[in-house]
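Engineer: Before we start, here is the structure in question, set down as structure tokens.
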């Protein structure tokens, strides 16, 4: 059974705490839940490879908290991929013409 613990961290500025709160709100969790996730990631063994699911957890949390459908997510990623490819093609064409 997990026991609750309190950690005091001196020197945390109001600005930093506000940024933590903002990030927590962005993914739809409270400050404690967000900081627990940050700590868990920070102390994970270096040889433990993150799975794709672990890497996408912040994206999943955000989309779930904001009610974004899988279709909207797919459309967004398709648009981003297409734009990235357009930019790469433009850069490649510019590099060859010089």
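Engineer: Please tell me if residue 35 is closer than 26 Å to residue 73 by Cα and either surrounded by 10 or more Cβ atoms within 10 Å (Cβ to Cβ) or modelled with pLDDT of 85 or more (or both). Reasoning before the result, please.
Structural biologist: Values: closer than 26 Å to residue 73 by Cα: yes; either surrounded by 10 or more Cβ atoms within 10 Å (Cβ to Cβ) or modelled with pLDDT of 85 or more (or both): yes.
The answer is yes for residue 35.
Engineer: Given the conditions (1) surrounded by 10 or more Cβ atoms within 10 Å (Cβ to Cβ); (2) at pLDDT 85 or above; (3) part of a loop (DSSP other than H, G, I, E, B), report the number of the one that residue 8 does not fulfil.
Structural biologist: Failed condition: (1).
Engineer: Search segment 18-32 for residues being closer than 22 Å to residue 73 by Cβ and not in a helix (DSSP H, G or I), and hand back the single one that is modelled with the highest pLDDT.
Structural biologist: Out of the qualifying residues, it is 29.
Engineer: Could you pull out the residue among 54, 15 that is part of a helix (DSSP H, G or I) and surrounded by 10 or more Cβ atoms within 10 Å (Cβ to Cβ)?
Structural biologist: Residue meeting the stated conditions: 54.
Engineer: Could I ask something else about it? For residue 64, are the conditions met, namely being part of a helix (DSSP H, G or I), loosely packed, with under 11 Cβ neighbours inside 10 Å, modelled with pLDDT under 90 and within 15 Å of the chain's Cα centre (by Cα)?
Structural biologist: Judged against the criteria, residue 64 is not a match.
Engineer: So residue 72 passes all but one of these: (1) outside any helix (DSSP H, G or I); (2) modelled with pLDDT of 80 or more; (3) surrounded by fewer than 13 Cβ atoms within 10 Å (Cβ to Cβ). Which condition number does it fail?
Structural biologist: Going through (1) outside any helix (DSSP H, G or I); (2) modelled with pLDDT of 80 or more; (3) surrounded by fewer than 13 Cβ atoms within 10 Å (Cβ to Cβ) one by one, residue 72 breaks only (1).
The values are calculated or read from the model by the stated rules, or taken from the named source; none is laboratory data. Since the structure is predicted, the reported quantities are computational estimates derived from the model, not experimental observations. Positions of Cβ are backbone-derived with ideal geometry, glycine not excepted, and every protein chain shown enters the neighbour counts.
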